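Right, one structure below, let's go through it.
The values are calculated or read from the model by the stated rules, or taken from the named source; none is laboratory data. Owing to the predicted nature of the structure, the values given are computational and were not obtained by experimental measurement. Ideal geometry is used to build each Cβ from the backbone, glycine not excepted, and the neighbour counts take in all protein chains shown. Keep in mind that these areas ignore ligands, DNA and RNA; they rest on the heavy atoms of the full protein, side chains included. Shrake-Rupley method; radii C 1.70, N 1.55, O 1.52, S 1.80 Å.
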Amino acid sequence: MRGALLGLSVSLALCCCVLGWDGGVEGQDTTGVQTQVRQAGPVVHGREWEEEREDVMMDDPGVEEIKPKKKKSIEEVEAARAKKAAEKEAKAKKQKANKAPKAPKPTKKPKATKAPKKLKATKAPKATKAPKATKAPKATKAPKVTKPKATKGSKTTAWKEEGVKPVTRIPSLEEDEEKLLIELGWDRLDSRPSGHTPLSAGSKTLTEHGQDYWDTKLAAKQLEEEAEKARKEKEEKVKWLRKKWEEEEEERLRKIPVHAEPKKCPPLGLESHRVDDDQLLASSQSHHGFSAQRGRLNMQSSGNEEGVYGGAWCAEPEEKNHWFEVDARREVEFTGVIVQGRNSDTAEDFVSTFYVSFSNDSRDWTVLHDGYAEWLFYGNVDRDSPVMVQFDWPTVARYIRVLPQSWNGSLCLRVEVMACQLTSSFRSENEVNPTDNLDFRHHNYKDMRQMMKVINEECPNITRIYNIGKSSAGLKMYAMEISDNPGEHQTGEPEFRYTAGLHGNEALGRELLLLLMQFMCKEYNENNPRVRRLVEGVRIHLVPSLNPDAYELAYEMGSEMGNWGLGHWTEEGYDIFQNFPDLNSVLWGAEDRGWVPRIVPNHHIPLPENFLNGSVALETKAIINWMERTPFVLGANLQGGEKVVAYPFDMQRPPKATGTLGSRRELRPGVNHEMNEETWARMQRQNGDALRETSDDTMFRWLAMSYAHSHLTMTETQRGSCHTDDISGGQGIINRASWKPVVGSMNDFSYLHTNCFELSVFLGCDKFPHESELPLEWENNREALLSFIEQVHRGIKGIVRDMEGKPLANATISVDGVKHDVKTAAAGDYWRLLNPGEYRVTARVDGHTLQTRLCIVGYDSGATPCSFTLAKSNWDRIKQIMVLHGKRPIRLVTKAPPRVGSDISGGSVGSVDATKTGATGGMGGTSANSHNAERLRRLRLMRLRKMHQQRLRYNFSTTTPVATTTTTAAPTTTAELETESTTSWYDSWFPVESSYTEPTPAEVFTEIQESEPTQDYTFEYKFEDY
């Protein structure tokens, strides 16, 4: 029943359409009707009509299948409608011009347009929605009836008769046009097959309307071109958007830190002590010696495991939560941490794994994640090697904590934090703007050589590059000379030296000397008066690396990754600074025996035999040869690990027990059972500084203070030293023997073997600072480096010549009150460093008479001239006569003439016998005094003279009553003493052998050795003995 009703409604609708078309043929305007039908059709029977169209196309293969296309946007549909309306208006105007006058007649009956209103009744049968049964598809087969097909021919014929353009005959367009026609309701006419209704013979064909046809064709082509243009624009826009998105993605990925190359930042300053003690905090501490302040990278212990200076921060083992905190005092970018174990000779304590957390208020902490969980970092595997862990991306915070999770032994840790300062309006410690345009970076061996070559090319008239020798690996030890006449020693111009790199891992001194080379060359070219005065008045030698092999090893590890000892020794395992001969023991042993200065001089002490053939580094031999051929006056070696200036002696002199003659080795505690620890300590307190001071101690203290007080931060010792409390008393200087005594140091050797006064300058706590810290270190040390060079002009200087004006080389210059002499150079010139005051200075040389002058040293800059002119003496002739007489002293003795008839031989014999008898008696009378070992050792020559005088007195007293046995008158004692004389200057310089041959000097020494069981000093030096 429902299907019948549906079919009836469809038939009525078709009949109405036919009636509407017939009315239009009779003269009515069919445009409105056609439009309404097209609009109403899809609304009322859209679904059924679509199914009908599909069935028709399937039955008739001649009908082209219309493929469903995508819907266009509302804006595009509106644009197409507007365009179509414009085309219709244009066509309507054209048709009005070509039609007959009766053409406008149908327009007078607009009521005809109301006929399609009957079609609204088609909306009434809503019953089509109700049937959901399977019989509903039968209604869709009804449109197969050919009734609408039959009306199509009549409709087309009517249009042709009226001359109306059959728009529905336009061939199918592109996707956009077809969708537009479907939405406008024209698709029903386009889909009708034209072959079912044949055209009448009297009607015109579509091709006969040529102009209308080509206009429609052109419009379709324009629509197609516009659609193609829109499509291309859309594709270009898509490509542009894709390209922009790719660029933004690349930029975003570029900003994201890559795991393989994290951001690198300099250290925050725990090792260099830029981070104060109050910025370090820890959860607990095992005891006072292992507080958080001891948790700095490369912190060294005091040697006492239970002392107050531990080698790391150690936590209380009973605590559950352990952490070590660093306060940066401002927000920074943390990029990593460096961890290290405890410095100890016995314990092996270090942290194996740990977390890292951050905070901005020290209350709320965030543990660093790796994207999946809390990031667990792996730490050390031994106690000395530093391990760096870097974060994939920097974290901005103020506080950072290291949270140990597992450890070996006790929980002990040393830390350094890597962080970058954020841009701000105020300046931090790491941000230094140096005034000098220099190359602030670390230079390896190749870069150092290239840098020195560039400086030499820029200042060829004042610089010269040479090498002092080769290292164990064959690398040259380069030096640069800066002088107004490079390559030649000028008479009266002192020689100065700066050396660095004795220990390869102490890189700051190396870079400071390279910066000093650049600075002096640059300032000399810019006519800096101070630099020009130094260049023209001093011959400066700069050696940046005395241990190039070890530096290359430390350079490869990096500024923060080398431990305290990596690169410290040479490739053969020598510490160059302590590899020089021990001349201190030679001097002190000779002083104990009274051999100074007659047998052993107090200056230019020769090298021990076979020293250079023993365990000596090649670098040490090269340095010794360099010192001997250049008359240096002043020098300093730059080291690291502490911030202080150390002056000699570097070796502490052992005290000499009263009344004993044991050797130095026998006086050491634990070796000689007669000297216990209490005795040793008491003698140390009694002797005080006398055991470690040089004869020029006041001068050395002044030189050390000239550098320390010119340094910007060296005297700021309120926070203590690098590893302990303040060791310098707030002055920045210290005697090395009272601090860390060493044997065979470079400073002591330079003082005792040459004229050079040398000190050790310890530049800072960090041996190998980061490149970012070099500008700051240069600013701290620049003035001190220049000021110390100027001290070479302090004291006296002069030239020693003979009467003919020829210079006298190797002349000895002595100063009263100072038990250390210097020698003149090959040109006869000398320099003697002295503090202001009046001094009696004596110059002496073999073959010439000595000369003494009073020289005054003032407070003005510049050395005081004090030259000498020595006259020749007849000492050469005297030595020839002494050789003829068996090297015995010459004595001028006047004897009385013999009497006539006297028996000269008998009297002589009797006199000799009496003399021998008297001598025997005299010796017997003085036998008690001969047992005094101190007098026999120190005054043996005076003892021989006294014994001879006693012999003469005894001979006079015994021969006076016996007149028959003597042939000569007995002279008085006064006359006897007047007739015997010896030159005093000879006795003061050379050991005198008396004419009295009983006993001989050899017998005297034998008597000394037999009287006391002592051990003579041996000049054979051995490192194992000390």
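Of the conditions (1) touching a strand residue (DSSP E or B) at 6+ places or on another chain (Cβ under 9 Å); (2) within 29 Å of residue 559 (Cα to Cα); (3) not in a helix (DSSP H, G or I); (4) not β-branched (Val, Ile, Thr), residue 781 clears all except one; give me its number.
Tallying (1) touching a strand residue (DSSP E or B) at 6+ places or on another chain (Cβ under 9 Å); (2) within 29 Å of residue 559 (Cα to Cα); (3) not in a helix (DSSP H, G or I); (4) not β-branched (Val, Ile, Thr), residue 781 fails exactly one: (3).
Output the residue which, of all residues in the stretch 726-770 that are farther than 21 Å from residue 541 by Cβ and charged (D, E, K, R), is surrounded by the fewest Cβ atoms within 10 Å (Cβ to Cβ).
740
Looking at residue 773 and the list (1) at pLDDT below 95; (2) in a helix (DSSP H, G or I); (3) open to solvent by 30 Å² or more (accessible area, probe 1.4 Å), which single condition is not satisfied?
Residue 773 satisfies all of (1) at pLDDT below 95; (2) in a helix (DSSP H, G or I); (3) open to solvent by 30 Å² or more (accessible area, probe 1.4 Å) except (3).
Would you be able to say whether some residue in the stretch 407-414 is open to solvent by 10 Å² or more (accessible area, probe 1.4 Å) and within 26 Å of the chain's Cα centre (by Cα)?
No, the conditions are met nowhere in the stretch 407-414.
Based on this model, can you work out whether residue 616 counts as over 27 Å from residue 762 (Cβ atoms) and among the hydrophobic types (A, V, I, L, M, F, W, C)?
no
Select, from 318, 331, 261, 247, the only residue that is open to solvent by 50 Å² or more (accessible area, probe 1.4 Å), out of contact with any strand residue (DSSP E or B) (no Cβ under 8 Å at 6 or more places or on another chain), within 23 Å of residue 392 (Cβ to Cβ) and modelled with pLDDT under 95.
261
Given the conditions (1) within 23 Å of the chain's Cα centre (by Cα); (2) not in a loop (DSSP other than H, G, I, E, B), and given that residue 536 satisfies all but one, which numbered condition is not satisfied?
Tallying (1) within 23 Å of the chain's Cα centre (by Cα); (2) not in a loop (DSSP other than H, G, I, E, B), residue 536 fails exactly one: (1).
Looking at the stretch 220-243, can you tell me whether even one residue there is surrounded by 11 or more Cβ atoms within 10 Å (Cβ to Cβ), within 19 Å of residue 765 (Cβ to Cβ) and among the basic types (Lys, Arg)?
Looking through the stretch 220-243, none of the residues is surrounded by 11 or more Cβ atoms within 10 Å (Cβ to Cβ), within 19 Å of residue 765 (Cβ to Cβ) and among the basic types (Lys, Arg).
Can you pull out the residues in the stretch 565-587 that are open to solvent by less than 10 Å² (accessible area, probe 1.4 Å) and either in contact with a strand residue (DSSP E or B) (Cβ under 9 Å, 6 or more places away or on another chain) or closer than 24 Å to residue 272 by Cα (or both)?
Answer for the stretch 565-587, where residues must be open to solvent by less than 10 Å² (accessible area, probe 1.4 Å) and either in contact with a strand residue (DSSP E or B) (Cβ under 9 Å, 6 or more places away or on another chain) or closer than 24 Å to residue 272 by Cα (or both): 567, 577.
Pick out the one residue from 509, 558, 562 that is open to solvent by less than 50 Å² (accessible area, probe 1.4 Å), in contact with a Phe, Trp or Tyr (Cβ under 7 Å, 6 or more places away or on another chain) and under 25 Å from residue 770 (Cα atoms).
Selected residue: 562, the only one of 509, 558, 562 that is open to solvent by less than 50 Å² (accessible area, probe 1.4 Å), in contact with a Phe, Trp or Tyr (Cβ under 7 Å, 6 or more places away or on another chain) and under 25 Å from residue 770 (Cα atoms).
Being among the small types (Gly, Ala, Ser) and closer than 25 Å to residue 651 by Cα narrows it down to one of 729, 805, so name that one.
729
So residue 429 fits all but one of (1) in a strand (DSSP E or B); (2) modelled with pLDDT under 95; (3) not aliphatic (A, V, I, L, M); what number is the exception?
Answer for residue 429: the failing condition is (1).
Please indicate, with yes or no, whether at least one residue in the stretch 870-878 is open to solvent by less than 30 Å² (accessible area, probe 1.4 Å), touching a residue at least 60 places away in the same chain (Cβ under 8 Å) and farther than 18 Å from residue 634 by Cβ.
Within the stretch 870-878 (the criterion being open to solvent by less than 30 Å² (accessible area, probe 1.4 Å), touching a residue at least 60 places away in the same chain (Cβ under 8 Å) and farther than 18 Å from residue 634 by Cβ), the answer is yes, since at least one residue qualifies.
Looking only at the stretch 815-828, which residues are more than 47 Å from the chain's Cα centre (by Cα) and assigned to a strand (DSSP E or B)?
none
Would you mind stating whether residue 492 is surrounded by fewer than 23 Cβ atoms within 10 Å (Cβ to Cβ), assigned to a loop (DSSP other than H, G, I, E, B), out of contact with any strand residue (DSSP E or B) (no Cβ under 9 Å at 6 or more places or on another chain) and on the phi > 0 side of the Ramachandran plot?
No, not satisfied.
Is at least one residue of the stretch 515-524 in a strand (DSSP E or B), touching a helix residue (DSSP H, G or I) at 6+ places or on another chain (Cβ under 9 Å) and of a type in the set (Lys, Arg)?
no
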